[in-house]
Amino acid sequence: MKVQTSPITIKQSQQPALKPLPSPVVPQRESVPSPVTSPPIKQLASNPIPSHAHILKGLLELGEKSAALFEINGVARQIEVGESIGSSGWTLVDVEKGKAVIRRNGEVRSIFAGYKF
């Protein structure tokens, strides 16, 4: 096998210079009379859409004494099975297999840590 020890020189091919494109021509619009304006409408003050006030942070699987750790309006609270979750209307029904089961007005959800509502 023969190894080349002398330097290799590569020449870059010369490309013709590119010409700049002409500026686009924008047609002038005819002037249109402005519409009659009405007085400004007062906007009613509205509360910003709240971020999720309830977040499932963790679970305590302890059989009959199982509970879930919820962050409610920024404060961590331990909620036991059968207890209401803050003022959300949801109730903690069960904690098992890494999930919490919650119920509100007949609707049942299985939720995992990190779930926001």
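Coordinate-derived values only; no laboratory data. What you see is a predicted model; the values in this text were computed from it and never measured. Ideal geometry is used to build each Cβ from the backbone, glycine not excepted, and the neighbour counts take in all protein chains shown.
Things worth noting here:
- Relative contact order of region 54-111, pairs being alpha-carbon contacts under 8 Å that are 6 or more residues apart, as %: 24 percent
- Under 13 Å from the PHE112 label point (7 Å along Cα→beta-carbon), backbone N, region 66-81: none
- Stretching VAL75 away from ARG104 to a fully extended chain increases their span by 8.3 nm, per 0.36 nm per residue minus the current alpha-carbon distance.
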